[in-house]
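Read through the structure below, which is laid out as structure tokens, and then see the notes.
The values are calculated or read from the model by the stated rules, or taken from the named source; none is laboratory data. Note that this is a predicted model, so its numbers are computed, not measured. Note: ideal-geometry Cβ built from the backbone for every residue, glycine included; neighbour counts use all protein chains shown. These area figures cover heavy atoms from the full protein model, side chains too; ligands, DNA and RNA do not enter into them. Shrake-Rupley method; radii C 1.70, N 1.55, O 1.52, S 1.80 Å.
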Number of protein chains: 6
Amino acid sequence: MRSDGRQSDQLRQVKITRRYIKHAEGSVLIEVGDTKVICTASVENKVPPFLRNTNKGWVTAEYGMLPRSTHTRTQREISKGVPNGRTQEIQRLIGRCLRSVVDLTKLGERTIWIDCDVIQADGGTRTASITGGCIALFDALTYMRKNNDIDTMPLKDFIAATSVGIVNNKLLLDLNYNEDSKAEVDMNIVMTGSGKFVEIQGTAEEEPFTPEQMQSLLALAKRGIDDLIKIQRTYLGETLLDKYL
Amino acid sequence: MRSDGRQSDQLRQVKITRRYIKHAEGSVLIEVGDTKVICTASVENKVPPFLRNTNKGWVTAEYGMLPRSTHTRTQREISKGVPNGRTQEIQRLIGRCLRSVVDLTKLGERTIWIDCDVIQADGGTRTASITGGCIALFDALTYMRKNNDIDTMPLKDFIAATSVGIVNNKLLLDLNYNEDSKAEVDMNIVMTGSGKFVEIQGTAEEEPFTPEQMQSLLALAKRGIDDLIKIQRTYLGETLLDKYL
Amino acid sequence: MRSDGRQSDQLRQVKITRRYIKHAEGSVLIEVGDTKVICTASVENKVPPFLRNTNKGWVTAEYGMLPRSTHTRTQREISKGVPNGRTQEIQRLIGRCLRSVVDLTKLGERTIWIDCDVIQADGGTRTASITGGCIALFDALTYMRKNNDIDTMPLKDFIAATSVGIVNNKLLLDLNYNEDSKAEVDMNIVMTGSGKFVEIQGTAEEEPFTPEQMQSLLALAKRGIDDLIKIQRTYLGETLLDKYL
Amino acid sequence: MRSDGRQSDQLRQVKITRRYIKHAEGSVLIEVGDTKVICTASVENKVPPFLRNTNKGWVTAEYGMLPRSTHTRTQREISKGVPNGRTQEIQRLIGRCLRSVVDLTKLGERTIWIDCDVIQADGGTRTASITGGCIALFDALTYMRKNNDIDTMPLKDFIAATSVGIVNNKLLLDLNYNEDSKAEVDMNIVMTGSGKFVEIQGTAEEEPFTPEQMQSLLALAKRGIDDLIKIQRTYLGETLLDKYL
Amino acid sequence: MRSDGRQSDQLRQVKITRRYIKHAEGSVLIEVGDTKVICTASVENKVPPFLRNTNKGWVTAEYGMLPRSTHTRTQREISKGVPNGRTQEIQRLIGRCLRSVVDLTKLGERTIWIDCDVIQADGGTRTASITGGCIALFDALTYMRKNNDIDTMPLKDFIAATSVGIVNNKLLLDLNYNEDSKAEVDMNIVMTGSGKFVEIQGTAEEEPFTPEQMQSLLALAKRGIDDLIKIQRTYLGETLLDKYL
Amino acid sequence: MRSDGRQSDQLRQVKITRRYIKHAEGSVLIEVGDTKVICTASVENKVPPFLRNTNKGWVTAEYGMLPRSTHTRTQREISKGVPNGRTQEIQRLIGRCLRSVVDLTKLGERTIWIDCDVIQADGGTRTASITGGCIALFDALTYMRKNNDIDTMPLKDFIAATSVGIVNNKLLLDLNYNEDSKAEVDMNIVMTGSGKFVEIQGTAEEEPFTPEQMQSLLALAKRGIDDLIKIQRTYLGETLLDKYL
């Protein structure tokens, strides 16, 4: 049994609050156990230079942590003056993943900014950002659709993410901070509603891992993501989904 | 009557949620109408260089806004690469105000960081930060007192802040964003529980204002702050206060 | 009596040297006691993006201190790499104040840059910048008027600034550095030639102050600014003023 | 057949020139087809703050590209003023991988800096950096061993990396720039001499990929890395290896 | 005849005002024609890291221009965020030159900061900075000597600088801005009171120049610098000099 | 005899490898003794703002050093966050020199970027960059000429550079790092194929030098540059040169 009483293949409790920030076209507060992230989706009527005059849109993400979202206070990036490598790596990942389920040609020359700001961190902030960002993105696209800014729904599939890892030689699903900080292997997996891989990032923190362990981790992640996609569907409601996806 | 139905001398509804972020020594979510700010107080066991070996502590503040706390998305400061002038002005103000009600000699060589992060903005974010920051600070000091890190409570008084202004030639208390954006005069007032001034910042945005208008604005602010201090007392509970303040 | 022999309600000696820098459209060296600031006004034939195609102009200010204008050498901002919070706060203040007496619609799409560079500091550098900047601005506008760049004079009124404060429990006008560094309360007041307030910024550095003290400080400041406006008028010469203001 | 005549499971030609830069404790020029990277290993007699007084050492990496290593000239990072997200992601990867095969407790309080500078880029610069960095690291450790700075060899295993991907629906090993730029799936794999995974980073650039494709890609990568490890052994020479590894 | 009526081998009028800034240990306003530079010398009781525990001191310089010292307004370096290449080149030159006439072992572990801030520019700001900086440095060293901070005078010789150039095929001494901006060749020469070279920087802006022209330029510069050294001696007064140099 | 066995007036061995980087329009590896610099010339079809619509082109240079090109590892500029003063000074010099032998009106509105990246440093990196950059520039211009991008060859002459100095009171040509680091006087000279000066930068590191020493250094440099120009001609081949220069 894990420190928080979960089974090794059990997700933490997931709670999604839609329309959390009144100004944003899409916004959710996603809670995965004690990890809490505000995800907003903002529509901007222009695209980065490399897409101008292509009739295609763009989806990009930014990620941040409130200074005291962490156990001890973390200095703000702007106070250091330079963007943090970890931050950039995470926001590039989130953007890449969400773009993979959007048909950019249906967006028109618009950018959707996904902002994921961690207000409380307990492991898995980047995967929670992807899972929550998908809902914020869905809501912003629905907003645009209702507004007749776009003709058809550009979202091609659901997308969700979780972590798996090896801790004290045991394979675990959805690591919290405590587990993550002592993991021998840590892997983030991003998959679609149709069970395909979008991204896999696995790292041996202490000891390299075997091909057999790799297989088990992939299987464990698959189970978790299937559950997350079900949770997303529940929060969005089937009727709405039938209509738009 | 104002757009949100308030009287000219009426505060917006204030809601304070204590212990909002589990890691912080003190933390609140303060809501003043649609303005929502997370205030955390973090204790660090060292002081800035100019206070080393003085046996005195320090209280300092940092302020931020989530990109989509605003009507249209605001670029992150770190993306621009330089700290924003407005941000710095606000965090210097918050720090100065909270320091004015703390006996720094009772803190020992410790710094209390007050982080005020706006998750939804509708005017008055800096004054909400001061009013909420006071509670987060109180909770962190109480935590330190219970921990026997400090012998006596360093907080000397309550502190709260609000805005007053002239909009369409009418004097208003506690301006929301809509009112603030068309105000002829905008003034932020910070006062203590004992009715003294800590800070006053008044600006004629369009037209200079007369000494008579100045007097009326001061009186209006006084009434609002008296109410805010009552609200702070209610949230903290009289018993606790008798014990520590 | 004060350390420099002044009465509590007495300004320091003010000296204004016009046309101090040959390249600038307007430029003055203002000396307020030992505080010396070079103020230049530079006309640029474009406006910031938010004013393009509005037929309105802009007035903005920048402020700096030579490294050894201060008692001990101050590091250059560019050596630190980040703009200083105090600097930004001051230059925002100067810009706001000078804009309040200019009819921006009469400027056309032009920006007037007011640069205030302190070459020797002895307290009150921001208020000296406003008082001196007003003359540099006047001279630049007169230059534009003579040049037929503008049809009518955009300056609506004079503007001047001074500080008041409480030092050792006494109320003083126009604090020098020595007084400022030990002041219990420090307040900067900016007023127009017609006796209206443009800006008020009061801070309790050590102890909050009472409403009665607030009233006395406001009255003291009023007297000082009336004198400063008279000095400005003297330096500009009545004839010229009748013609343009 | 591929544009450069290779079989789908064939590596590009690999050439390693040891002792390429005379000042460095270890240095190689690694050429993988037309991709050319200078890898140096520099020994510094101190560790980052978090390792002080732990008797452990550190291995860290930095990565750069000469401006014209690329098809069109790339602006220098320092000209832009901010570190590039891709650069930081790559150098974090290289450092993490090389650390995984070093026993840091055997290094003493020393840092080994691995600098990987791409002088000509044709795809696979990060994987070439890892493969070449391993040799530079080996040479620096041997240098330290001969110098009696360390008592035993801290290197635990070889490490090498390559890419696999799906291009036009075909699975390919070791993608060059042309293949990489049109890949549907791109995966970097890092493995040890004993056939274990250190890192896996797979990304669906256009279309998510199936679990079956994942399996085939892993197998293809394994074959490539086995060959790379053989090449490393050849360049180092068996005798030397027996002695030190 | 030149535009300002000078002979080709004639310096502009030089005026030096000592003790110009009251806080600095040494300070001058140097005026060379319409070029005006404030030079201050500040004594700091520490040295850069590479000199710690060597018993040697350091002399370093910083250079800046007020935004409207130039014909059209120049943006502040801090507004751009990066130090300017020209600024750095100039301040490295000034520091190097002044160090060459100071016996650093006689300074003790102290740094003298020479700040040269141009308030009005009309060509030759870097050479005026060196000529004026020498006097500010002398005054600071005299201050230290009187204070018994140092036992003997560390200044070994005078130092002064001027420019020579080829304009419209004519060789000119001490170019003003107008001449400098159309010069074919521009050369800055720094020499000591004993007629030796400290620095020479010559640049063919348009056309390379012959060895014969080089010889004539060196001779012309020599004459100008001899005059500048005489002017320095006059301002300092022979008696004082006999005593200290 | 010098530490590397050379006569005092003898250049180090020079080796030039053309077409060193496949992507660049012009590229060389220049080796001057143990100093090795990769010089690339990249053609860009636009010019800096100040040249737009002038029908003129531009030549500019950037300079960098790999971290371990030096005896001990040098931190990357981007890691420090600010461009290095020495780097900027050198790249401004290289750009200025190469521009002096190009007829910019024959380039059309194009910029040629000369990137000089030091992969191994042993003194004289800036002069090697100029000598090698000239060849890379020649090759890029030849490429443009063959491509019919330009009608005639814009190169007006050859250009090469070397250093001279005084070490232990002896005059030496082409200082290596060891000599340079203990030189009393260090001078960089840039001349054309027709024996004219483009740039001269001489610095007395320790002791000012006499006019007679200046003359001897100029003569020594002249001899060295004549040799370098011959070497450049040899590498380019006379036939090609007759055709284009």
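Scanning segment E:97-152 for residues that are at positive phi and not polar (S, T, N, Q) gives E:108, E:123, E:124.
Is it the case that residue D:152 is of a type in the set (S, T, N, Q) and open to solvent by less than 40 Å² (accessible area, probe 1.4 Å)?
On the way: of a type in the set (S, T, N, Q): yes; open to solvent by less than 40 Å² (accessible area, probe 1.4 Å): no.
Criteria not met by residue D:152.
Taking the criterion of being of a type in the set (Val, Ile, Thr) and touching a residue at least 40 places away in the same chain (Cβ under 8 Å), the residues of segment A:141-169 that qualify are A:142, A:150, A:152, A:159, A:162, A:164, A:166.
Checking each residue in segment B:78-98 for being of a type in the set (Val, Ile, Thr) and farther than 20 Å from residue B:161 by Cβ picks out B:78, B:82.
For segment F:60-110, which residues satisfy the criterion of being closer than 23 Å to residue E:83 by Cα, more than 10 Å from chain E (Cβ to nearest Cβ) and without any contact (Cβ under 8 Å) to a residue 24 or more places away in the chain? Passing the criteria: F:67, F:74, F:75, F:76, F:77, F:78, F:79, F:80.
Filter segment D:1-28 down to the residues that are among the hydrophobic types (A, V, I, L, M, F, W, C) and without any contact (Cβ under 8 Å) to a residue 40 or more places away in the chain, then identify the one that is surrounded by the most Cβ atoms within 10 Å (Cβ to Cβ). Outline the logic, then answer.
Just the residues of segment D:1-28 that are among the hydrophobic types (A, V, I, L, M, F, W, C), to begin with: D:1, D:11, D:14, D:16, D:21, D:24, D:28.
Next cut, without any contact (Cβ under 8 Å) to a residue 40 or more places away in the chain only: D:1, D:21.
Details: D:1: 7, D:21: 23.
It comes out as D:21.
On the basis of being facing another protein chain (nearest Cβ under 10 Å) and open to solvent by 10 Å² or more (accessible area, probe 1.4 Å), does residue C:157 make the cut? Criteria met by residue C:157.
Quick check, is residue A:71 under 15 Å from residue B:73 (Cα atoms) and over 18 Å from the mean Cα position of the chain (by Cα)? Here the answer is no, as residue A:71 does not meet what is asked.
Looking only at strands (runs of 3 or more DSSP E) that fall completely inside segment F:29-145, which ones have 2 or more residues that are open to solvent by 40 Å² or more (accessible area, probe 1.4 Å)? Quick ask: steps written out before the conclusion?
On the way: elements: F:35-44, F:58-65, F:111-120.
Filter on segment F:29-145 gives F:35-44, F:58-65.
Check segment D:198-217 and report whether any residue there is open to solvent by less than 20 Å² (accessible area, probe 1.4 Å), among the β-branched types (Val, Ile, Thr) and away from chain A (no Cβ under 11 Å). The answer is no, given that none of the residues of segment D:198-217 is open to solvent by less than 20 Å² (accessible area, probe 1.4 Å), among the β-branched types (Val, Ile, Thr) and away from chain A (no Cβ under 11 Å).
What's the total number of residues in segment C:18-46 that are out of contact with any Lys or Arg (no Cβ under 7 Å at 6 or more places or on another chain) and more than 18 Å from residue C:124 (Cα to Cα)? Write out each step before concluding.
Filtering segment C:18-46 for residues out of contact with any Lys or Arg (no Cβ under 7 Å at 6 or more places or on another chain) gives C:18-20, C:22, C:25-26, C:30, C:35-39, C:41, C:46.
In the following step, the residues that additionally are more than 18 Å from residue C:124 (Cα to Cα) were identified as C:18-20, C:22, C:25-26, C:41, C:46.
Counting residues in segment C:18-46 that are out of contact with any Lys or Arg (no Cβ under 7 Å at 6 or more places or on another chain) and more than 18 Å from residue C:124 (Cα to Cα) gives 8.
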